[in-house]
Amino acid sequence: MDWIIFSLLNGVIHGLLLFMVSAGLTLIFGMMGVLNFAHASFYMLGAYFAYTLQGIVGFAPAVVLATLLAGAVGAAVERWFLRRVHRYGHAHELLLTFGLSFIIAETIKLFFGNYPVDYRIPAGLDVAAFVIGSQQYPLYRVLMGAVALAMFAGIYLLLTRTRVGIVVRSAIYKPRMVEALGHNVQLVFMGVFGVGAALAGLAGAIAGAFYTTNPNMALEVGVMVFVVVVVGGLGSLGGAMLASLLIGVLTSLAVGVDHSLADALALVGAGEWARNIGGLLTLKLSSLAATLPFALMLLVLLVRPSGLMGEKA
């Protein structure tokens with residue numbers, strides 16, 4: 001029972017972390033129609049910015065400053081690069097952001113080396129939040145989940161309950177009308193892209209201290225972020241949250257299951273037959289955990305191509 005509780009908790013926290021990274025991408029695509037291939041690179045930048053600043057200003061101020069710096073880099077990318085190719089269509093945007101992801105990764109390696117850096121949780125936060133059975137659950141994991149929930153609530157309220165949200169959403173569907181009312185649509189788009197990059201930077205600044213901060217961290221999380229966005233529905237914030245939690249819990253539970261299909265078939269007397277065949281039937285579920293999110297994405301695309309909460313075309 002303790003294993004199930006811990007697996008569920010780890011899955012929920014991991015899912016909330018995925019949401020923190022994917023929220024910015026969902027926001028950018030939903031508001032601007034830009035599928036940013038370099039989004040996970042801002043996640044990595046947030047971690048490295050926080051690592052660099054931690055020894056100067058302390059952990060909490062470093063996280064705040066890293067978030068702002070990642071947002072500033074994102075705004076600069078939109079202003080000086082994406083805006084110039086936006087009129088040429090999505091293919092040019094994908095190629096630009098794809099190339100940008102490599103440039104950021106190589107720049108990180110140039111300054112910090114091609115190995116992990118010593119970015120750690122502060123001693124004051126490296127304690128147990130509670131104890132279940134004989135195992136302690138880290139306080140920092142709970143804090144990561146709390147930040148993700150606060151982020152979700154903040155974005156939702158901003159978009160649905162404030163004048164800023166109304167202007168942003170209106171600029172997508174009626175840009176000329178918004179301009180006629182005196183709003184700078186290009187500035188709105190730059191702000192949206194900057195906020196999306198800042199959200200990814202915040203995720204990196206917080207998660208980088210718990211996980212490993214290294215030049216490959218963008219690649220490690222980048223593919224999964226796109227899986228989350230596709231499963232949840234392109235542009236759907238609620239869908240991103242739902243998909244993140246589903247993927248986090250599914251993966252976390254699967255990692256702890258050391259059984260195969262052959263073991264399940266043994267219950268009906270077909271275990272020996274399955275073991276003789278081998279292959280997929282004898283693979284442990286734990287060894288397939290990393291592929292389950294992709295299987296979920298395939299299933300969702302077959303049943304509901306628009307995603308779990310995406311709008312139907």
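The values are calculated or read from the model by the stated rules, or taken from the named source; none is laboratory data. What you see is a predicted model, and the numbers here were worked out from it, not measured in a lab. Glycine gets a Cβ as well: all are built from the backbone with ideal geometry, and neighbour counts include every protein chain shown.
Observations
- Answer from V147, V131, V142 - the residue that is touching a strand residue (DSSP E or B) at 6+ places or on another chain (Cβ under 8 Å), of a type in the set (V, I, T) and at pLDDT 90 or above: V142
- For the stretch 215-231, the criterion of being without any contact (Cβ under 8 Å) to a residue 60 or more places away in the chain, among the small types (G, A, S) and part of a helix (DSSP H, G or I) is satisfied by no residue at all.
- Filter result for R161 (loosely packed, with under 15 Cβ neighbours inside 10 Å, more than 24 Å from L16 (Cβ to Cβ) and out of contact with any Lys or Arg (no Cβ under 8 Å at 6 or more places or on another chain)): no
- Tally of residues being assigned to a helix (DSSP H, G or I) and either loosely packed, with under 11 Cβ neighbours inside 10 Å or touching a His at 6+ places or on another chain (Cβ under 8 Å) (or both) across the stretch 98-136: 4
- Selection count, the stretch 104-159, where residues are at negative phi and in contact with an Asp or Glu (Cβ under 6 Å, 6 or more places away or on another chain): 1
- Of the candidates L253, L245, the single residue that is of a type in the set (A, V, I, L, M), part of a helix (DSSP H, G or I), surrounded by 15 or more Cβ atoms within 10 Å (Cβ to Cβ) and at pLDDT below 90 is L253.
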